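What follows is a short report on a single structure.
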Amino acid sequence: MTITTSTLATNGRASSPIPSSMRALVLTAPHEHEIRDVPTPRPGPMEVLCLVEAVAICGTDLHIYEGRFPGRWPRSYPYIPGHEWSGTVVEIGPGVADIGMFAVGDRVAGTSHAGCGYCRMCTTGRYNLCENYGKEPIHHQYGHYSQGADAQYVVHSIKSVFKLPDEIDLPLGAMVDTASIALHSVKRPGINAGDVAVVVGPGPMGMLTADCALALGAAHVIITGSGERLQKALDLGFDVIDYKAEDPVAAVKARTGGKGANVAIDTGGTLSSIRQAVDVLRKGGRVAFTGVPTEGDSALPMQKIVLEEIDLFGVRANRNTMEEAIALIVAGRIRVKPLVTHTFKLEQYGTALHTFADRVDGALKVLVYPNE
């Protein structure tokens, strides 16, 4: 099913009838899912209903599928996941037309957080840390504990959708959320002109983070990792270090006159990657942690952190970077198209997840098309 601009009305709803039910990916338990017919959601005040074009699979999706966040993401079963998506607005809820932000036919990209808008965190722009997190309906985190986008249609708050310019192909809009998190990961520790930045992990998030570091003024970006993904990073023009072939700390120092990096960003979230991100830093360095750890607490080198005044920054999703990321994608400064390696229909979700998790055929970013 495809809706084009020629079939769209301007009175708040698509000219073609919106079906009462839709196909959706439904998680029924850890490691278990079904493709079901479920009721099509309808938008409430300040919400939009979108026909989903593409949904990207990320590491958090895999961990949710595996049940690594019991009672949190999701809270219960059955559940529809998916939070990196693009699509077309087909219906707007009450109040949306009054502020003129969205109309039927708009091409959009979605993100997960919709803060309450009232708490101190929200009013200071840190809605990803909303103090009313988890209190639906005033807060949502779509695809985590609020229903997600792995379905033919999805409803989002207008706080969580962003218009796509014509220069971005609609399926690639599903990559904007990932890119915006990469951008936030670089902005948190800050990049000064001429900095050396090390990105730990050559996955899609790592390569997008490296692009963002360059876009914000880093003079030299190094990606550490191993295998086919590290080769992809090399193919994209990045300086790389294979940690299996050489000591990454010594290798970084060799490239920086013995000093180390100004900034490091860990995208892996493993005990070893977290430690490596701290170890490669010079005195006064800054490190951001983007990967969500699931292995327990990491033993950090506290003497180095204290005596060398290392600054540590946590990264929670993104805030206020979707529109910035879209502009950088259009400018060619953030490259998303080379990272999309596989696409699947919704009915093939099991194969899609396996392809992503096991890096089948060099998989990087995997897209699912619910309406194909």
Any chance Val90 is within 21 Å of Asn318 (Cβ to Cβ), among the β-branched types (Val, Ile, Thr) and crowded, with 21+ Cβ neighbours inside 10 Å: no
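Which one of these is buried (at least 20 other Cβ atoms within 10 Å of the Cβ), within 26 Å of Lys187 (Cβ to Cβ), out of contact with any helix residue (DSSP H, G or I) (no Cβ under 7 Å at 6 or more places or on another chain) and touching a residue at least 40 places away in the same chain (Cβ under 8 Å): Gly110, Gly143, Gly125?
Answer to the selection: Gly143.
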Every pair of residues 6+ apart whose Cβ atoms lie under 7 Å, when the first sits in region 10-25 and is over 20 Å from Pro78 (Cβ atoms) while the second is in a loop (DSSP other than H, G, I, E, B) and modelled with pLDDT of 95 or more: Thr10/Ala103; Thr10/Val104; Gly12/Val104; Arg13/Val104; Ala14/Val104; Ile18/Thr40
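I'm trying to understand the selection: among the residues of region 274-293, which are of a type in the set (Gly, Ala, Ser) and surrounded by fewer than 22 Cβ atoms within 10 Å (Cβ to Cβ)?
Going residue by residue through region 274-293, those that are of a type in the set (Gly, Ala, Ser) are 277, 284-285, 288, 291.
Of everything in region 274-293, just one residue is of a type in the set (Gly, Ala, Ser) and surrounded by fewer than 22 Cβ atoms within 10 Å (Cβ to Cβ), namely Gly284.
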Residue match in region 2-16 (condition: farther than 22 Å from Lys365 by Cβ and either within 21 Å of the chain's Cα centre (by Cα) or modelled with pLDDT of 95 or more (or both)): no
For Glu167: the one exception among (1) over 16 Å from Glu324 (Cβ atoms); (2) in the same structural domain as Val96 (by TED's automatic domain parsing); (3) among the acidic types (Asp, Glu): (1)
Flag for Gln303 being surrounded by fewer than 21 Cβ atoms within 10 Å (Cβ to Cβ), outside the structural domain of Val55 (by TED's automatic domain parsing) and at pLDDT 95 or above: yes
Test set (1) surrounded by 17 or more Cβ atoms within 10 Å (Cβ to Cβ); (2) farther than 16 Å from Asn262 by Cα - Leu216 fails condition number: (2)
Qualifying positions in region 345-372 - out of contact with any Ser or Thr (no Cβ under 9 Å at 6 or more places or on another chain), among the hydrophobic types (A, V, I, L, M, F, W, C) and surrounded by 18 or more Cβ atoms within 10 Å (Cβ to Cβ): Leu346, Leu353, Phe356
Test: residue in region 245-266 that is surrounded by fewer than 13 Cβ atoms within 10 Å (Cβ to Cβ) and within 30 Å of Asp177 (Cβ to Cβ): no
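Could you name every one of the strands (runs of 3 or more DSSP E) located completely within region 200-318 that has at least 3 residues being more than 19 Å from the chain's Cα centre (by Cα), of a type in the set (Val, Ile, Thr) and within 20 Å of Pro189 (Cβ to Cβ)?
Values: elements: 220-225, 239-242, 261-266, 281-289, 311-314.
It comes to 220-225.
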Those strands (runs of 3 or more DSSP E) lying entirely in region 21-102 with at least 3 residues modelled with pLDDT of 95 or more, over 22 Å from Thr351 (Cα atoms) and more than 18 Å from the chain's Cα centre (by Cα): 47-57, 84-92
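The values are calculated or read from the model by the stated rules, or taken from the named source; none is laboratory data. Quantities reported herein were computed from a predicted structural model and do not represent experimental measurements. Backbone-built Cβ (ideal geometry, glycine too); neighbour counts: all protein chains shown.
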